[in-house]
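Q: One structure, as structure tokens, below. Some questions next.
The values are calculated or read from the model by the stated rules, or taken from the named source; none is laboratory data. Quick caveat, the model's predicted, so the values are computed rather than measured. Neighbour counts run over all protein chains shown; Cβ positions are idealised from the backbone, glycine included.
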Amino acid sequence: MYNTLIRNIIRFIALVVMQVLVFDNIRLGNYIHPYIYVLFIMLLPFDTPKWRLLVEGFVIGMLVDLFNGTPGLNAAATVFMAYMRPYIIGITTRKSDIEDKTAPSVSEMGLQWFLLYGLLLLLLHNLLLFWLEAFSIRLLGTVLLQVLLSAPFSLFVIILIIYVFKPLKK
Amino acid sequence: MYNLFIFIKKYSAAIVFILLEILCIILVVQSLPYHNRKMVSVSNSISGGIHKTTSNWNDYLHLKSENELLAEQNALLLSRLGCDEVEADTAYYDDKFTYIPAHVVDNNIYETNNYIVIDKGSIDGIEPDMGVICGEGVVGKVLNVSKHYASIMSMLNTKTIVSCRFVDNQYVANVVWDNEYYRYGLVKDIPSHLVINVGDTLVTSGFSNSFPADIMVGTIEENLDDENGIFSTAKLKFSTNFSTLRHVYVVKNNFKAEIDSLCITR
């Protein structure tokens with residue numbers, strides 16, 4: 001328990017620092033902007049209560065927002081993603097599959113499942129984020145293009161991060 | 001009460017989710033100028049639409065009283081038109097001509113050559129040869145100017161000739177006075193092939209520097225076909241009632257000097 005908490009805190013800080021110092025500076029074209037801090041929400045244990053998912057999503061999103069000067073933008077998207085996480089787990093797994101698992105990580109659930117799970121969550125997160133950023137129905141085409149290009153790129157970066165920091169997590 | 005707790009417990013995640021999202025969106029709208037403006041404009045357009053709809057309904061409900069008001073205003077305006085009390089209003093202004101309002105202080109209609117005296121003079125910018133009109137139509141031309149007064153050669157003067165034009169077919173003719181009755185004048189120099197109908201309207205041609213175009217002169221009362229060749233004559237009823245003249249406008253042509261410099265002989 002204590003170990004998990006320490007690990008989560010380190011993961012939290014590391015992901016926020018990476019996001020704010022490195023990935024927020026990456027804008028490929030106008031469309032690709034990687035968001036990797038959501039990995040923290042993705043990797044929370046299966047038995048995390050829903051309200052804690054939401055609150056942690058809000059906290060990490062707001063922290064990134066404060067560094068970006070966009071209060072509420074990332075927080076809204078991350079809270080939405082955290083709210084949808086149990087449903088995404090529900091449609092991608094059977095109950096028997098996750099009974100003996102602790103967290104939805106690559107090492108426990110396999111890369112193939114994690115790619116699907118991560119992509120779905122990233123699509124939801126980016127959709128709300130880019131739409132809130134544009135704040136207009138007229139820009140829907142641009143928003144969808146941003147989502148469809150950014151989400152796979154973010155997932156790619158997230159997989160890289162998982163493999164680079166594998167020793168730290170286990 | 002117990003059921004309420006059950007409900008809150010059951011949907012706690014959804015409630016927390018909605019509250020957090022509302023908080024986030026409020027933060028976004030409050031802190032980001034673009035989102036703030038957008039939100040204000042969207043809410044303005046919604047409230048504006050609602051207000052417009054309700055005011056449409058209100059207008060409809062108040063049609064009756066509105067009609068009465070309009071009828072009263074119409075009556076007022078009509079009575080003003082009748083007694084010609086319209087002061088210099090903005091409708092009389094355009095680039096080329098300036099209109100100087102004046103009061104008639106002396107007026108005569110029974111002489112062979114009638115003159116009108118107005119209470120504006122050189123100090124007000126009146127100059128000889130300026131045109132004079134009133135709300136009903138043409139009055140005459142300025143003859144002499146003193147410091148505070150000016151004399152006007154009215155249409156009821158055998159020396160006055162005003163160039164005018166048929167509204168219907170644009171033919172040009174001259175209007176003079178035949179020294180008979182103050183309501184009627186003569187239209188001379190009408191091309192004889194022109195079919196003149198009773199009631200045809202004549203307005204100023206705008207060819208003289210004294211009058212702007214399209215000022216009412218009068219209507220044809222009778223066709224005096226004297227069959228003396230190229231031109232025919234008609235009897236004209238002046239639109240201006242000279243016996244009740246009180247307020248007039250002196251027409252100042254702002255480009256008179258420029259036009260005169262082109263050496264047009266008049």
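Q: Answer yes if at least one residue in segment A:153-160 is under 19 Å from A:Arg11 (Cβ atoms), hydroxyl-bearing (Ser, Thr, Tyr), surrounded by 14 or more Cβ atoms within 10 Å (Cβ to Cβ) and in contact (Cβ under 8 Å) with a residue 60 or more places away in the chain, and no otherwise.
A: Taking segment A:153-160 and keeping what is under 19 Å from A:Arg11 (Cβ atoms), we get A:154-155, A:157-160.
Restricting the remaining residues to those that are hydroxyl-bearing (Ser, Thr, Tyr) gives A:154.
Narrowing the set further to residues that are surrounded by 14 or more Cβ atoms within 10 Å (Cβ to Cβ) leaves A:154.
After this cut, where a residue has to be in contact (Cβ under 8 Å) with a residue 60 or more places away in the chain as well, the list is A:154.
Yes, segment A:153-160 contains at least one residue that is under 19 Å from A:Arg11 (Cβ atoms), hydroxyl-bearing (Ser, Thr, Tyr), surrounded by 14 or more Cβ atoms within 10 Å (Cβ to Cβ) and in contact (Cβ under 8 Å) with a residue 60 or more places away in the chain.
Q: Can you spot a residue in segment A:51-62 that is surrounded by 20 or more Cβ atoms within 10 Å (Cβ to Cβ) and touching a residue at least 40 places away in the same chain (Cβ under 8 Å)? Outline the logic, then answer.
A: From segment A:51-62, those surrounded by 20 or more Cβ atoms within 10 Å (Cβ to Cβ) are A:53-54, A:57-58, A:60-62; that's our starting set.
In the following step, the residues that additionally are touching a residue at least 40 places away in the same chain (Cβ under 8 Å) were identified as A:60.
Yes, the conditions are met somewhere in segment A:51-62.
Q: Which of the residues belonging to segment A:103-115 are under 11 Å from A:Ile89 (Cβ atoms) and part of a helix (DSSP H, G or I)?
A: If the condition is that a residue be under 11 Å from A:Ile89 (Cβ atoms) and part of a helix (DSSP H, G or I), then A:Met109, A:Trp113 are the ones that fit.
Q: Restricting to segment B:153-166, name every residue that is free of Cβ contacts under 8 Å to residues at least 40 places away in the same chain and among the aliphatic types (A, V, I, L, M).
A: Pass one, segment B:153-166, residues free of Cβ contacts under 8 Å to residues at least 40 places away in the same chain: B:160-161, B:166.
Scanning segment B:153-166 gives a single hit, B:Ile161.
Q: Would segment A:112-133 turn up any residue that is among the aromatic types (Phe, Trp, Tyr), closer than 26 Å to A:Ala76 by Cβ and over 13 Å from the mean Cα position of the chain (by Cα)?
A: Step one: of segment A:112-133, the residues among the aromatic types (Phe, Trp, Tyr) are A:113-114, A:117, A:130-131.
If we keep only those that are closer than 26 Å to A:Ala76 by Cβ as well, we get A:114, A:117, A:130-131.
Within this subset, residues satisfying the condition of being over 13 Å from the mean Cα position of the chain (by Cα) are A:130-131.
The answer is yes, given that some residue of segment A:112-133 is among the aromatic types (Phe, Trp, Tyr), closer than 26 Å to A:Ala76 by Cβ and over 13 Å from the mean Cα position of the chain (by Cα).
Q: I need the helices (runs of 4 or more DSSP H) fully contained in segment A:29-100, keeping only those with at least 3 residues that are at the interface with chain B (Cβ under 8 Å from one of its Cβ atoms). Reasoning before the result, please.
A: Numbers: elements: A:39-42, A:50-68, A:73-92.
Helices (runs of 4 or more DSSP H) meeting the threshold: A:50-68, A:73-92.
Q: Here's something else I'd like to know. Can you tell which of B:Val172, B:Val162, B:Val217, B:Val187 is touching a Lys or Arg at 6+ places or on another chain (Cβ under 6 Å), under 16 Å from B:Lys235 (Cα atoms) and either surrounded by 14 or more Cβ atoms within 10 Å (Cβ to Cβ) or among the charged types (D, E, K, R) (or both)?
A: Values: B:Val162 fails: touching a Lys or Arg at 6+ places or on another chain (Cβ under 6 Å); B:Val217 fails: touching a Lys or Arg at 6+ places or on another chain (Cβ under 6 Å); B:Val187 fails: touching a Lys or Arg at 6+ places or on another chain (Cβ under 6 Å).
Every option except B:Val172 fails the conditions.
Q: Which strands (runs of 3 or more DSSP E) sit wholly inside segment B:136-237 and have at least 2 residues that are in the same structural domain as B:Tyr115 (by TED's automatic domain parsing) and polar (S, T, N, Q)? Before you say what the answer is, go through the steps one by one.
A: Details: elements: B:138-145, B:150-157, B:162-166, B:172-176, B:184-191, B:201-204, B:216-224.
Qualifying strands (runs of 3 or more DSSP E): B:150-157, B:201-204, B:216-224.
Q: Select from segment B:179-209 the residues that are charged (D, E, K, R) and touching a residue at least 12 places away in the same chain (Cβ under 8 Å) and list them in ascending order. First the steps, then the outcome.
A: So the first thing to find is which residues in segment B:179-209 are charged (D, E, K, R), and the list is B:180, B:183, B:188-189, B:200.
Matches in segment B:179-209: B:Arg183, B:Lys188, B:Asp189, B:Asp200.
Q: With respect to the numbered conditions (1) more than 14 Å from chain B (Cβ to nearest Cβ); (2) buried (at least 19 other Cβ atoms within 10 Å of the Cβ), which one is the sole condition not fulfilled by A:Phe130?
A: All conditions are met except number (1).
Q: Of the residues A:Ser136, A:Ser150, which single one is of a type outside the set (A, V, I, L, M, F, W, C), farther than 30 Å from A:Leu5 by Cα and at pLDDT below 85?
A: A:Ser136
Q: Additional query: How many of the residues making up segment A:15-48 are surrounded by 11 or more Cβ atoms within 10 Å (Cβ to Cβ), without any contact (Cβ under 8 Å) to a residue 12 or more places away in the chain and farther than 22 Å from A:Leu148 by Cα? So that I can check it myself, show each step before the final result.
A: From segment A:15-48, those surrounded by 11 or more Cβ atoms within 10 Å (Cβ to Cβ) are A:15-20, A:22-24, A:26-28, A:31-46, A:48; that's our starting set.
If we keep only those that are without any contact (Cβ under 8 Å) to a residue 12 or more places away in the chain too, we end up with A:17, A:22, A:26-27, A:48.
Add one more test, that the residue is farther than 22 Å from A:Leu148 by Cα, and what stays is A:17, A:48.
Count: 2.
Q: Here is a follow-up. Within the bounds of segment B:191-204, is there any residue that is small (Gly, Ala, Ser) and surrounded by 19 or more Cβ atoms within 10 Å (Cβ to Cβ)? Before the answer, list the steps.
A: As a first pass, look at segment B:191-204 and keep what is small (Gly, Ala, Ser): B:192, B:199.
This time we only want the ones that are surrounded by 19 or more Cβ atoms within 10 Å (Cβ to Cβ), so: none.
No, every residue in segment B:191-204 fails to be small (Gly, Ala, Ser) and surrounded by 19 or more Cβ atoms within 10 Å (Cβ to Cβ).
Q: Quick one: which of A:Leu121, A:Leu115 is more than 28 Å from B:Ile15 (Cβ to Cβ) and more than 14 Å from chain B (Cβ to nearest Cβ)? Let's see the steps before the verdict.
A: Numbers: A:Leu121 fails: more than 28 Å from B:Ile15 (Cβ to Cβ).
A:Leu115 is the lone residue from the list that is more than 28 Å from B:Ile15 (Cβ to Cβ) and more than 14 Å from chain B (Cβ to nearest Cβ).
Q: Would you pick out the residues in segment B:11-50 that are within 7 Å of another protein chain (Cβ to nearest Cβ) and either under 43 Å from the mean Cα position of the chain (by Cα) or of a type in the set (Lys, Arg) (or both)?
A: Result: B:Lys38, single match.
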